[in-house]
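Notes follow the structure.
The values are calculated or read from the model by the stated rules, or taken from the named source; none is laboratory data. Fair warning: this is a prediction, and the values are worked out from it, not measured in the lab. We place every Cβ from the backbone using ideal geometry, glycine too, and count neighbours over all the protein chains shown.
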Amino acid sequence: MKILSCVIAVACLFSITLSAQQQDLINDRELRAWAEKGDADSQFELGLRLLTGEGITKNEAEGVKWMEQAAAQKHLRAQFVMGSLYEDGVGVKKDEAKAFEWYRKSAESGFAPGQHAVAMAYDLGRGVKLDPVKATEWLEKAAEQNHAPAQTALAAKYERGVGASKNPSKAALFYLRAAQQDFVPAMSRLANLYYSGTGVPVDYRRAGAWYQRAARSDDPWASNNLAWFLSTCPDESLHNGEKAVQLASRALRIMDEAGEEQRYEMIDTKAACLARNGEYLEAVLWQKKAMTLLSEDKEVGSEERQVLEKEFKTRLDLYQKQTPFTEAEPQSDAEAAPLPQDTILQEEGIPGTPPKSKGSKSKSRGTVV
């Protein structure tokens with residue numbers, strides 16, 4: 001995690017003792033005076049300002065000094081930030097082992113973001129020996145505190161059976177809990193489960209509602225997922241080629257503005273959207289571009305590459321015949337039960353439909369947890 005996003009998240013999610021009105025009245029001189037007297041909250045706030053340059057000249061080294069003093073007084077947010085500083089090498093020499101120790105200190109005192117960070121360290125073997133089971137244990141602790149990122153990571157473990165027994169229904173429930181806190185990755189993953197009938201009955205309208213809510217964010221993959229859904233969903237009544245093209249273009253624009261390289265998945269989506277909108281010549285050109293990008297991506301394994309090349313070629317053939325691509329009906333898990341806690345249709349004012357139950361599995365369009 002990068003320090004700027006880390007400290008901003010900490011400051012936003014866990015307000016410090018000083019109220020916003022008080023902060024407006026407290027200048028750097030007063031804050032420094034309190035920090036020098038040993039007030040941990042003031043040390044944390046001063047360290048935060050120095051690290052980010054917010055309202056003060058940025059000085060990472062001094063920021064680390066004050067942050068460490070606050071952390072030494074068992075200030076949980078300061079301990080967590082110290083972990084991220086060592087993880088990213090900001091103001092200190094990068095040291096994943098020290099990062100883990102600081103995260104662990106905040107985690108053992110019950111700080112949910114710290115518990116999540118410890119879990120990720122165990123999952124990745126970063127600063128500590130790889131241990132997916134211990135990662136799950138720490139995620140459970142954070143999830144109990146309603147920490148949405150931890151709930152999402154825990155759901156992914158239940159979905160995939162990594163570090164925990166595979167349980168798609170339990171995964172759906174944890175994704176829902178995180179999604180109901182407006183955590184975009186969880187919304188996208190939950191939509192994928194509804195779309196594929198994994199852990200829940202197939203329900204295209206619920207899938208579409210969650211894809212739509214996620215796409216209101218600035219996450220390019222969320223826009224991409226909704227675009228794919230609107231152009232390829234097995235339920236033809238939900239197709240909307242024009243809107244799909246707009247969403248696919250938005251996803252690519254967000255990536256471009258962020259300086260990110262174009263992804264073959266998004267180009268493939270754009271081609272499908274153009275075909276659904278009747279723009280077959282453009283669809284053919286975009287599909288060929290997707291195939292080129294796929295061939296240039298060295299991170300794709302040989303087995304996965306063969307599967308994708310076949311899929312891309314199939315879609316290209318369809319577009320050349322002026323036929324849009326539609327995904328096959330997914331096969332719902334026979335034992336899957338609906339989530340009564342999911343009120344997305346009522347919230348979005350969307351009429352529900354009986355769940356689907358026949359066909360073959362569909363795949364995610366790139367959402368990563």
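Worth a mention:
- Subset of the stretch 84-111 that is in a helix (DSSP H, G or I) and aliphatic (A, V, I, L, M) - its residue that is surrounded by the most Cβ atoms within 10 Å (Cβ to Cβ): L85
- Any chance S188 is under 15 Å from the mean Cα position of the chain (by Cα), in contact (Cβ under 8 Å) with a residue 40 or more places away in the chain and either surrounded by 24 or more Cβ atoms within 10 Å (Cβ to Cβ) or in a loop (DSSP other than H, G, I, E, B) (or both): yes
- Residue within the stretch 330-346 that is surrounded by fewer than 16 Cβ atoms within 10 Å (Cβ to Cβ), of a type in the set (A, V, I, L, M) and over 26 Å from the mean Cα position of the chain (by Cα) present: yes
- Residues located in the stretch 43-57, provided they are touching a residue at least 24 places away in the same chain (Cβ under 8 Å) and surrounded by 13 or more Cβ atoms within 10 Å (Cβ to Cβ): Q43, F44, E45, G47, L48, L51, T52, I56
- Qualifying residue in the stretch 242-260 (condition: closer than 23 Å to Y211 by Cα and in contact with a Gly (Cβ under 8 Å, 6 or more places away or on another chain)): no
- Looking only at residues of the stretch 147-174 that are part of a loop (DSSP other than H, G, I, E, B) and of a type in the set (S, T, N, Q), we find that the one that is nearest to N192 (Cα to Cα) is N167.
- Filtering the stretch 260-279 to residues that are charged (D, E, K, R) and touching a helix residue (DSSP H, G or I) at 6+ places or on another chain (Cβ under 6 Å) leaves D268, K270, R276.
- Residues located in the stretch 58-74, provided they are touching a helix residue (DSSP H, G or I) at 6+ places or on another chain (Cβ under 8 Å) and either without any contact (Cβ under 8 Å) to a residue 24 or more places away in the chain or surrounded by 23 or more Cβ atoms within 10 Å (Cβ to Cβ) (or both): K58, N59, E62, G63, K65, W66, M67, E68, A70, A71
- Within the option set E282, E257, E236, being free of Cβ contacts under 8 Å to residues at least 12 places away in the same chain and out of contact with any helix residue (DSSP H, G or I) (no Cβ under 7 Å at 6 or more places or on another chain) holds for one residue only, E257.
- When W138 is tested against (1) part of a loop (DSSP other than H, G, I, E, B); (2) out of contact with any Pro (no Cβ under 7 Å at 6 or more places or on another chain), exactly one condition is not met: (1).
So that you can scan it fast, the table gives a plain yes or no per residue for (1) hydroxyl-bearing (S, T, Y); (2) assigned by the TED database to the domain that holds F80; (3) surrounded by fewer than 24 Cβ atoms within 10 Å (Cβ to Cβ); (4) at positive phi:
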| site | (1), (2), (3), (4) |
| --- | --- |
| H116 | no, no, no, no |
| A119 | no, no, no, no |
| L124 | no, no, yes, no |
| V133 | no, no, yes, no |
| L139 | no, no, no, no |
| A142 | no, no, no, no |
| Q151 | no, no, no, no |
| S165 | yes, no, yes, no |
| A171 | no, no, no, no |
